[in-house]
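Below is one structure, written out as structure tokens; comments come after it.
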Amino acid sequence: QSALTQPASVSGSPGQSITISCTGTSSDIGGYKYVAWYQQHPGKAPKLMIYDVTNRPSGVSNRFSGSKSGNTASLTISGLQAEDEADYYCSSYTTSRTWVFGGGTKLTVL
Amino acid sequence: EVQLVESGGGLVQPGGSLRLSCTTSGFTFNSYWMNWVRQAPGKGLEWVANINQYGGEKNYVDSVKGRFTISRDNAKDSLYLQMNSLRGEDTAVYYCGRPSSGFSGIEYWGQGILVTVSS
């Protein structure tokens, strides 16, 4: 049950696009379509931004998109806005019928 | 409106026990797997446990196996986490969560409840 691997931090200027990677194994990301991404602002509960690798819940901006290749999933945020500054976490279902999260990525909007 | 409200947190001594509750409303509780996720102060999210719709399957992260027990009462639309033999590293905000469907991501979260394990 090792955590998924994410970069500790990424940054971008308003209007730019950024991508956050999330690397796992064939026992989690590589084996299932159940990859999700969460946004968390300080002191708040996480918010689901992407589920099933590519799907957005109702109300989530289409500036957020997800993808997967092999054992690595990615979250792309286009047209960066100040309110996108937050921590982002990936997660995946696993062969052990458990879930695993990534260590989190702090996004700074310059 | 879907709502999840945790209760039962607080300060407990190492080796002690605590039972968290998650009271839900606004959806058909017995149609969903349910989860507990925690976040230690200043740290990332950690999935803790889940339970299927009727309690017949329960899964845990290795660090809590044998100490924590997840359960549910569908008649009361409530989820529970019994935490025994608590350790300092169990100190965290605990969230209950409901997936959008099946094993998709956790779409609905409670506000979180703080558990502090300290002497």
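Just so it is clear, none of the values below were taken in a lab; they were calculated from the coordinates. Everything numeric in this text was worked out from a predicted model, so none of it was measured. Positions of Cβ are generated from backbone atoms using ideal geometry, with glycine treated the same way; all protein chains shown enter the neighbour counts.
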Across peptide B:54-62, how many C-beta atoms of other chains are within 10 Å of each residue C-beta, on average?
2
Give the Kirkwood hydrodynamic radius (Å, one decimal) of chain A, defined as one over the mean of 1/r across all pairs of different Cα atoms.
13.7 Å
Can you work out the PRE-style zone for A:T95? Point 7 Å along Cα to Cβ, and I want the residues of segment A:26-58 with backbone N under 20 Å.
A:26-36
Inter-chain shielding metric for A:99-105, i.e. average beta-carbon neighbours from other chains within 10 angstrom, reads 5
Where in chain A lies the longest segment free of trypsin sites (Lys or Arg not before Pro) that are both loop residues by DSSP (not H, G, I, E, B) and have at most 16 other Cβ atoms within 10 Å?
A:64-96
Tell me the label-point distance for the pair B:Q82, B:S119, using the 7 Å Cα-to-Cβ offset, in nm and rounded to one decimal.
2.7 nm
Under 12 Å by backbone N from the virtual spin label 7 Å along Cα-to-Cβ at A:Q1, the residues of segment B:61-78 are B:61-70
Here the alpha-carbon Rg of chain B over 2.2 N^0.38 Å rounds to 0.99
Taking only the alpha-carbon positions of the protein assembly as shown and ignoring solvent, what does the Debye formula give for the base-10 log of I(q)/I(0) at q = 0.13, 0.17 Å⁻¹?
-0.74, -1.23
Separation between Cα centres of segment A:36-110 and segment B:38-62, rounded to whole Å
19 Å
For peptide A:45-53, how many partner chain Cβ atoms fall within 10 Å of a residue's Cβ, on average?
6
Under-26-angstrom lysine pairs by C-alpha in the protein assembly as shown, whenever the two are 8 or more apart or on separate chains
18
Which FRET efficiency value, to the nearest 0.05, do you get for B:N30 and A:K44 by plugging their Cβ-Cβ distance into 1/(1 + (r/R0)^6) with R0 = 22 Å?
0.15
